[in-house]
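Accompanying notes for the structure given below.
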Amino acid sequence: MGVALAESFLGHGHPVTIWNRTAEKGDNLVTKGAHRAATVAEAVSASPITIMCLKDYETMYGIFDSMGDILKGRVLVNLNSGTPAEAHAAAGWAAERGADYLDGAIMVPPPLVGQPDSVFLYSGSQDVFDRHRAMLASLGDPRYLGSDPSLAVLYNTALLDMMYATMNGFLHATALVASADVPAVKFADLAINWFMPTVVDSTLVEQASNLDKSYYPGDFGTMEMNLNALEHITRTSVEQAVHSDQPRLMKEIAERAIAEGYSGKNYLAVFEIFKKPTQASS
Ligand SMILES: NC(=O)c1ccc[n+]([C@@H]2O[C@H](COP(=O)([O-])OP(=O)(O)OC[C@H]3O[C@@H](n4cnc5c(N)ncnc54)[C@H](OP(=O)(O)O)[C@@H]3O)[C@@H](O)[C@H]2O)c1
């Protein structure tokens with residue numbers, strides 16, 4: 001990822017100084033015009049802003065903590081993955097060393113870095129974001145989420161959560177029809193080209209305001225009705241001899257919603273269950 005980030009900056013005409021523990025990984029970047037720093041201190045002092053993309057926060061501490069006050073007065077943007085608590089701690093760590101700090105999360109794999117619609121999430125110092133926005137736009141579409149430094153990694157995790165849930169939905173549904181020898185390519189046409197844009201569409205954005213108000217009118221279908229559908233999916237999975245844990249879990253969540261008084265509400269009331277820690281089933 002570090003190579004992709006540096007290539008993108010070079011491609012947009014920015015002077016780039018690189019440092020990596022394994023220096024030879026930057027050989028191609030040097031042939032493209034990057035300057036290779038011999039030390040981390042040299043790299044940090046070479047530019048008005050330092051972009052880091054290491055394995056994790058611990059690696060960042062390991063690199064900088066023995067280096068004295070080289071971060072004092074510097075601007076750091078950290079793009080490694082982590083947890084909200086780790087991002088908070090890193091912002092405090094940077095402040096203690098006198099550095100301006102922006103935390104970030106990369107929403108695309110390395111080959112997509114530099115595309116104008118590749119989203120990069122940022123949170124923390126708005127001043128750092130505003131001053132360097134044009135330079136950050138060399139990497140993709142920079143989105144500032146707020147001054148809480150943990151927001152970028154939290155959004156990142158939430159979107160990954162949604163990605164895996166969506167992929168599992170498609171894969172389980174495809175396994176169901178595959179039990180009747182339906183090829184995945186045939187099902188995908190209906191599931192992706194018709195079903196997905198019909199269900200996961202802009203009406204969910206409109207409904208999001210109802211989530212904020214905990215308003216779930218059951219006019220067009222209640223939780224009870226949805227529980228029937230989930231029982232049906234679970235029974236069909238067993239009947240067709242495919243894995244049934246995923247529909248069973250969704251059924252248990254709907255049952256929990258009914259147990260908590262949402263039986264006459266619409267399905268989006270499961271949001272109330274998701275907002276709380278998992279409880280043992282009754
Ligand atoms: N790849 C992706 O698709 C992607 C997408 C979004 C976010 N990310 C995030 O970006 C970050 C980097 O990912 P990556 O794909 O570039 O991983 P990677 O190829 O494994 O690179 C890890 C980087 O951390 C360095 N590093 C690891 N341990 C170190 C240590 N003890 N001391 C000094 N340097 C150390 C490595 O240096 P060496 O080269 O010397 O090993 C390398 O530069 C991760 O947090 C990842 O979650 C990656």
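Tabulated data
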| item | result |
| --- | --- |
| Long-range neighbours under 9 Å by Cβ, at least six apart or interchain, first residue without any contact (Cβ under 8 Å) to a residue 40 or more places away in the chain within the range 143-170, second surrounded by fewer than 12 Cβ atoms within 10 Å (Cβ to Cβ) | Tyr144/Asp130; Phe170/Ile192 |
| Only listed residue being loosely packed, with under 13 Cβ neighbours inside 10 Å, within 20 Å of the chain's Cα centre (by Cα) and either under 25 Å from Leu160 (Cβ atoms) or charged (D, E, K, R) (or both), chosen from Ala4, Ala85 | Ala85 |
| Those residues of the range 7-23 which are under 21 Å from Val113 (Cα atoms) and either loosely packed, with under 14 Cβ neighbours inside 10 Å or not β-branched (Val, Ile, Thr) (or both), in sequence order | Glu7, Ser8, Phe9, Leu10, Gly11, His12, Gly13, His14, Pro15, Trp19, Asn20 |
| Top-ranked residue of the range 45-78 - restricted to ones that are part of a strand (DSSP E or B) and of a type in the set (S, T, N, Q), ranked as most open to solvent (accessible area, probe 1.4 Å) | Thr50 |
| Qualifying position, being hydroxyl-bearing (Ser, Thr, Tyr), exposed (fewer than 12 other Cβ atoms within 10 Å of the Cβ) and part of a loop (DSSP other than H, G, I, E, B), among Thr198, Thr203, Thr278 | Thr278 |
| Condition broken by Ala180, with the remaining ones in (1) within 27 Å of the chain's Cα centre (by Cα); (2) in contact (Cβ under 8 Å) with a residue 60 or more places away in the chain satisfied | (1) |
| Sole exception among (1) open to solvent by 60 Å² or more (accessible area, probe 1.4 Å); (2) assigned to a helix (DSSP H, G or I); (3) in contact with a helix residue (DSSP H, G or I) (Cβ under 7 Å, 6 or more places away or on another chain) for Met225, by number | (3) |
| Among the candidates Ala37, Ala23, residue that is over 28 Å from the mean Cα position of the chain (by Cα), within 12 Å of the ligand (Cβ to nearest atom), modelled with pLDDT of 95 or more and more than 26 Å from Ser123 (Cα to Cα) | Ala23 |
| In the range 228-241, the residues that are assigned to a helix (DSSP H, G or I) and under 19 Å from Thr174 (Cβ atoms) | Ala229, Leu230, His232, Ile233, Thr234, Arg235, Thr236, Ser237, Val238, Glu239 |
| Counted residues, the range 119-130 - those being farther than 11 Å from Arg143 by Cβ and open to solvent by less than 80 Å² (accessible area, probe 1.4 Å) | 3 |
| Asp189 being charged (D, E, K, R), open to solvent by less than 70 Å² (accessible area, probe 1.4 Å) and outside any loop (DSSP other than H, G, I, E, B) | no |
| Pair list, Cβ under 7 Å, 6 or more apart: the range 109-130 residue within 9 Å of Tyr144 (Cα to Cα) and away from the ligand (no atom under 16 Å from the Cβ), other residue open to solvent by 30 Å² or more (accessible area, probe 1.4 Å) and modelled with pLDDT of 95 or more | Gly124/Ser147; Gln126/Tyr144; Gln126/Ser147; Phe129/Tyr144 |
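The values are calculated or read from the model by the stated rules, or taken from the named source; none is laboratory data. The structure displayed is predicted, hence computed values, not measured ones. Backbone-built Cβ (ideal geometry, glycine too); neighbour counts: all protein chains shown. For accessibility, only protein heavy atoms count, side chains too; no ligands or nucleic acids. Shrake-Rupley method; radii C 1.70, N 1.55, O 1.52, S 1.80 Å.
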